[in-house]
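Before any comments, here is the structure.
The values are calculated or read from the model by the stated rules, or taken from the named source; none is laboratory data. Just so it is clear, the structure is predicted and the values come from calculations on it, not from any experiment. Here the Cβ is made from the backbone with ideal geometry for all residues, glycine too, and neighbour counts use every protein chain on show. With ligands, DNA and RNA removed, areas are computed over all heavy atoms of the protein, side chains included. Shrake-Rupley method; radii C 1.70, N 1.55, O 1.52, S 1.80 Å.
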Amino acid sequence: GAVVSQHPSWVICKSGTSVKIECRSLDFQATTMFWYRQFPKQSLMLMATSNEGSKATYEQGVEKDKFLINHASLTLSTLTVTSAHPEDSSFYICSAITGLGFKETQYFGPGTRLLVL
Amino acid sequence: KQEVTQIPAALSVPEGENLVLNCSFTDSAIYNLQWFRQDPGKGLTSLLLIQSSQREQTSGRLNASLDKSSGRSTLYIAASQPGDSATYLCAAPLGGGNQFYFGTGTSLTVIP
């Protein structure tokens with residue numbers, strides 16, 4: 001089956017630094033990738049949708065200047081948390097679809113845990 | 001408002017018991033539904049994917065069913081083991097788009 005990987009799986013950083021999270025589709029080309037985040041005791045919520053070669057679409061309430069998304073190739077999307085603060089500590093997960101059909105299966109990465117000190 | 005709900009929020013059972021986790025969703029036109037496992041402090045693992053044309057899927061001791069008309073899915077775990085202890089999430093694309101809506105999960109503890 002299709003595999004989506006994320007790197008790193010865990011990251012700890014100091015407040016004010018930037019952190020980059022990678023999402024890769026290992027055995028298929030993903031024209032569309034999605035980024036979700038999960039706060040403690042809450043469900044995963046969609047942050048943004050990224051399409052290869054174009055700007056990401058952000059959900060309401062998500063700061064696009066803080067969460068930079070780049071989908072430069074058909075197998076890689078990156079999420080950069082700029083000037084991270086403790087409130088950005090969360091579980092971030094990506095998913096991907098090929099975008100070649102309607103109602104496609106969405107494949108999820110294992111997630112990245114971010115802790116900002 | 002599109003929503004996925006999971007009941008109960010927490011469940012504790014003795015080892016060896018069979019158990020059922022429940023998931024309900026607000027859109028009867030979903031085209032698939034996934035069940036995931038999340039271990040404390042760790043990532044997400046996809047357990048089962050059910051397409052809208054299927055009524056159930058099985059993997060080992062796990063069996064997931066899907067009833068679109070009633071907006072419900074269940075995850076059945078047979079002969080539970082302590083290693084099954086984790087949070088189980090269900091998720092589905094609601095409203096005709098690709099955005100997945102996740103439930104808040106059921107935290108399962110299997111007591112040896």
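When you scan the stretch B:69-111, how many residues do you find that are in a loop (DSSP other than H, G, I, E, B) and of a type in the set (A, V, I, L, M, F, W, C)? Talk me through it step by step, then tell me what you get.
The initial filter retains those residues of the stretch B:69-111 that are in a loop (DSSP other than H, G, I, E, B), namely B:69-71, B:78-81, B:85, B:94-99, B:103-105.
Narrowing further to those that are of a type in the set (A, V, I, L, M, F, W, C): B:78-79, B:94.
Final tally of qualifying residues: 3.
With the condition kept exactly as written, say whether any residue in the stretch A:107-115 is surrounded by fewer than 22 Cβ atoms within 10 Å (Cβ to Cβ), among the hydrophobic types (A, V, I, L, M, F, W, C), within 14 Å of chain B (Cβ to nearest Cβ) and touching a Leu at 6+ places or on another chain (Cβ under 8 Å).
Start the filter on the stretch A:107-115 by keeping residues that are surrounded by fewer than 22 Cβ atoms within 10 Å (Cβ to Cβ), which leaves A:110, A:113-115.
Those still in the list that are among the hydrophobic types (A, V, I, L, M, F, W, C) too: A:114-115.
With within 14 Å of chain B (Cβ to nearest Cβ) added as a condition, the list becomes A:114-115.
Pick out the ones that are also touching a Leu at 6+ places or on another chain (Cβ under 8 Å) and you get none.
The answer is no, given that none of the residues of the stretch A:107-115 is surrounded by fewer than 22 Cβ atoms within 10 Å (Cβ to Cβ), among the hydrophobic types (A, V, I, L, M, F, W, C), within 14 Å of chain B (Cβ to nearest Cβ) and touching a Leu at 6+ places or on another chain (Cβ under 8 Å).
May I ask you to say which residue of A:L46, A:L68 is free of Cβ contacts under 8 Å to residues at least 60 places away in the same chain, closer than 23 Å to B:Y101 by Cα and away from chain B (no Cβ under 11 Å)?
A:L68
Tell me, which residue of the stretch B:62-95 that is under 12 Å from B:L108 (Cβ atoms) and touching a residue at least 60 places away in the same chain (Cβ under 8 Å) is surrounded by the fewest Cβ atoms within 10 Å (Cβ to Cβ)?
My answer is B:P82.
Within the stretch A:7-18, identify whether any single residue is farther than 17 Å from B:A92 by Cα, in contact (Cβ under 8 Å) with a residue 60 or more places away in the chain, charged (D, E, K, R) and open to solvent by 20 Å² or more (accessible area, probe 1.4 Å), and answer yes or no.
Initial filter on the stretch A:7-18 (farther than 17 Å from B:A92 by Cα): A:7-18.
Checking which are in contact (Cβ under 8 Å) with a residue 60 or more places away in the chain leaves us with A:7-18.
Then keep just the ones that are charged (D, E, K, R); that gives A:14.
Now narrow it down to the ones that are open to solvent by 20 Å² or more (accessible area, probe 1.4 Å): A:14.
Yes, some residue in the stretch A:7-18 is farther than 17 Å from B:A92 by Cα, in contact (Cβ under 8 Å) with a residue 60 or more places away in the chain, charged (D, E, K, R) and open to solvent by 20 Å² or more (accessible area, probe 1.4 Å).
Of all residues in the stretch B:25-53 being outside any strand (DSSP E or B) and among the small types (G, A, S), which is most open to solvent (accessible area, probe 1.4 Å)?
Start the filter on the stretch B:25-53 by keeping residues that are outside any strand (DSSP E or B), which leaves B:26-31, B:39-43, B:52-53.
Subset that is among the small types (G, A, S): B:28-29, B:41, B:43, B:52-53.
Numbers: B:S28: 68, B:A29: 62, B:G41: 35, B:G43: 24, B:S52: 48, B:S53: 107 Å².
Step by step, filter the stretch B:25-53, then rank; the result is B:S53.
Name the residue that is surrounded by the fewest Cβ atoms within 10 Å (Cβ to Cβ), counting only residues in the stretch B:3-24 that are under 10 Å from the mean Cα position of the chain (by Cα), away from chain A (no Cβ under 13 Å) and not β-branched (V, I, T).
That would be B:N22.
Given the conditions (1) open to solvent by less than 60 Å² (accessible area, probe 1.4 Å); (2) over 18 Å from A:K14 (Cα atoms); (3) of a type in the set (A, V, I, L, M, F, W, C), and given that A:L79 satisfies all but one, which numbered condition is not satisfied?
Failed condition: (2).
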